[in-house]
Amino acid sequence: MFESLTQRRYLVPFKASRLPQQVTDVLVIGGGVAGLRAAIAAAEGGADVVILTKDSIDESNTWYAQGGIAAVLQPLDSVEAHIKDTEIVGVGLCDEEAVRITVEEGPKRVLELLQWGANFDKQKGNAYDLAYGLEGGHSYARILHAYGDATGKELAQTLIRKVRGSDQIRISENSFALDLVTDAGTCVGALAVIDGKETLIWAQKTILASGGAGQLYRESTNPKIATADGHAMAYRAGAKLQDMEMVQFHPTTLYVAGASRALITEAVRGEGAHLVDRNGFRFMFDYHKDGELAPRDVVSRAIVEQIRKTHFTHVFLDVRHLDNTKFRERFPQFQKLLEEFEINSAKDLIPVHPATHYMIGGVDADEMGRTSLNGLYAVGEASCSGLHGANRLASNSLLEGLTFGTRAGTHAAANLAEGDPKFPHHLEHKIEKSTKTELDVTDVKSSLRSVMWRNVGIERDGDRLTETREIIAFWSRYVMDKTFNSATLGPTAAVAGWELQNMLTVCFLVTTAAYTRTESRGAHYRLDYPDRLDDHWRLHLLWRRPMETPIPEPIES
Ligand SMILES: Cc1cc2nc3c(=O)[nH]c(=O)nc-3n(C[C@H](O)[C@H](O)[C@H](O)COP(=O)(O)OP(=O)(O)OC[C@H]3O[C@@H](n4cnc5c(N)ncnc54)[C@H](O)[C@@H]3O)c2cc1C
């Protein structure tokens, strides 16, 4: 049924010897927190590094992260408490080692950022004179933030400064990685479009740090770049992927027609904002004893249900009862956003709606970020280290990017071959030219995102998942046979086509895994299987091309 997806190895035909070529020790695909930190570590280990970013370096999920980064730095907080909080939210699927590594090493990575000039918000008298916030699921105030709600930008800028200061690292922006190149079961670099030309980058080690998959869905907090390219590339190259059904939704994004779904951080509810429906009714206590501070997935489902009950398109955040001056000071970016739409938080209700937020599943990676494919590492949101299990604890992902990015970069640099490596310059790949019709790529993309939101979103059921699988199989037959060519179409149109092919591939993985897991756990909620079935389903779902369904694998503990 899915041969067009499972049989496809590369998106374009190529003959290596005819393409422009570059050689590096370590190739990093992605310039968010995970990729930047990996590049710094690899360079410190003596490697020459190339970083590719598909857009400018400031377009990443990292750049838009708001709430903060979790780290055990206060004397009364403890590593054990952070581990426990992470595992409770991950409901049985967390990898114990990945959790311990992140929580134990994270604080060191965060302090390093301070040394590199990161400007986290301050509060005298606390450990390191830093301000610590509390977020849902955390048992202690351990969330650092910068400029109120611009944490990701500060973190990214700090790392970018450090990267730009290294003469061993070269950043190649607006360079789209098409595919990982393999030879005899080893990843030997990637095929990318650089300066408008298909180019081969040979690398002894490749670190995939390509971020998330939010754009698979119509409603998403993620920027346009998050089209799951890395997940799809890894699948085509034969690396293992894990738990692709686990997609986290965020309960509150600004719902204004035509505007992007800007995230409204949990911390706003933490500061006392109410959720009300079109009738002004504060509904959350009908769904959970903790009201607005219930876990993310509970709040998202409650909003969907209340929208259904009230026959309306969205609900509202109400902050009118809070001290408006303090509120503006605490959330300056959010305040700026509201002003752009002439919403006055002192007087008006703020329209909100849930949206896709974070890809929990990803390329299966071990404690060093190594994947099942020799020569390939995966870190950050593109990876599945096992830290998040079935659901992600707020503010843990930036921390994961820092810790696993460092580990992967260090390991990659320490394991380079002596002398000049030999690369397979003879490689070539042929693809039959499509005889089928031309495509309206934009139309298929937006239809796919709508179907995914409707059928594979916050609430799922067997019938709608089956219907979605059939739609994906049908569309794939005429989308996947194309070879979008940057020389004839121009890079922009070609990239749009490749993104669609990647999105279809990953939609197939997410939908099929969601169909396979007949229980509800963490971020994955099945209306037809609403209970968590520990006896049967406390296991991971693993994919490897050309499998059409994932294989269950018991949890190691
Ligand atoms: C609005 C928002 C708020 C968030 N708030 C928080 C928070 O407060 N705390 C927290 O811990 N987490 C938060 N997150 C999640 C967190 O930001 C991300 O999980 C994390 O930043 C991911 O980092 P990354 O390095 O893996 O990927 P990203 O930061 O997304 O970087 C991906 C990189 O890969 C590149 N790339 C992708 N595809 C290709 C390709 N084909 N070719 C070349 N390059 C490619 C991109 O150009 C980009 O440079 C938030 C996310 C969003 C969207």
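The values are calculated or read from the model by the stated rules, or taken from the named source; none is laboratory data. Since the model is a prediction, treat every value here as computed from it, not as a measurement. Reconstructed Cβ throughout: ideal geometry from the backbone, glycine too, with neighbour counts over all protein chains shown.
Things to note:
- For the range 396-504, the helices (runs of 4 or more DSSP H) that sit wholly inside it and include 2 or more residues that are more than 29 Å from residue 53 (Cβ to Cβ) are 441-455, 462-479.
- Residue in the range 159-173 that is near the ligand (Cβ under 8 Å from one of its atoms) and either more than 20 Å from residue 409 (Cβ to Cβ) or part of a strand (DSSP E or B) (or both) present: no
- Test result for residue 352, away from the ligand (no atom under 13 Å from the Cβ), modelled with pLDDT of 95 or more and part of a strand (DSSP E or B): yes
- Among residues of the range 300-332 being surrounded by fewer than 17 Cβ atoms within 10 Å (Cβ to Cβ) and of a type in the set (S, T, N, Q), the one that is farthest from residue 122 (Cα to Cα) is 310.
Here is a yes/no grid of residues against (1) surrounded by 23 or more Cβ atoms within 10 Å (Cβ to Cβ); (2) over 23 Å from residue 360 (Cα atoms):
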site: 59; (1), (2): no, no
site: 76; (1), (2): no, yes
site: 79; (1), (2): no, no
site: 83; (1), (2): no, no
site: 103; (1), (2): yes, no
site: 108; (1), (2): no, yes
site: 112; (1), (2): no, yes
site: 151; (1), (2): yes, no
site: 160; (1), (2): no, yes
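- Condition check for residue 413: within 12 Å of the ligand (Cβ to nearest atom) and over 22 Å from residue 143 (Cα atoms): no
- Selection count, the range 362-410, where residues are small (Gly, Ala, Ser), within 22 Å of residue 537 (Cβ to Cβ) and within 13 Å of the ligand (Cβ to nearest atom): 2
- Pairs meeting the criteria (first residue in the range 331-343 and closer than 17 Å to residue 255 by Cβ and in contact (Cβ under 8 Å) with a residue 12 or more places away in the chain, second residue surrounded by fewer than 16 Cβ atoms within 10 Å (Cβ to Cβ) and of a type outside the set (Val, Ile, Thr), beta carbons under 8 Å, at least 6 apart or on different chains) are 338/344; 341/259.
- Residues located in the range 514-531, provided they are buried (at least 16 other Cβ atoms within 10 Å of the Cβ) and part of a loop (DSSP other than H, G, I, E, B): 517, 519, 520, 522, 523, 525
- Scan of the range 523-545 for residues that are more than 16 Å from the ligand (Cβ to nearest atom) and under 20 Å from the mean Cα position of the chain (by Cα), ordered by number: 524, 525, 540, 541, 542, 543, 544
- Entry remark, the range 399-453: residues being in contact with a strand residue (DSSP E or B) (Cβ under 9 Å, 6 or more places away or on another chain), of a type in the set (Gly, Ala, Ser) and under 30 Å from residue 17 (Cβ atoms) number 3 in total.
- Exactly one residue out of 227, 253 is out of contact with any helix residue (DSSP H, G or I) (no Cβ under 9 Å at 6 or more places or on another chain) and within 9 Å of the ligand (Cβ to nearest atom), and it is 253.
- Selected residue (criterion: farthest from residue 212 (Cα to Cα)) from residues of the range 365-395 that are buried (at least 24 other Cβ atoms within 10 Å of the Cβ) and of a type in the set (S, T, N, Q): 371
- Matching entry among 64, 10 (being among the aromatic types (Phe, Trp, Tyr) and within 19 Å of residue 193 (Cα to Cα)): 10
- Elements of type helices (runs of 4 or more DSSP H) in the range 215-311, at least 3 residues being free of Cβ contacts under 8 Å to residues at least 60 places away in the same chain and farther than 27 Å from residue 514 by Cβ: none
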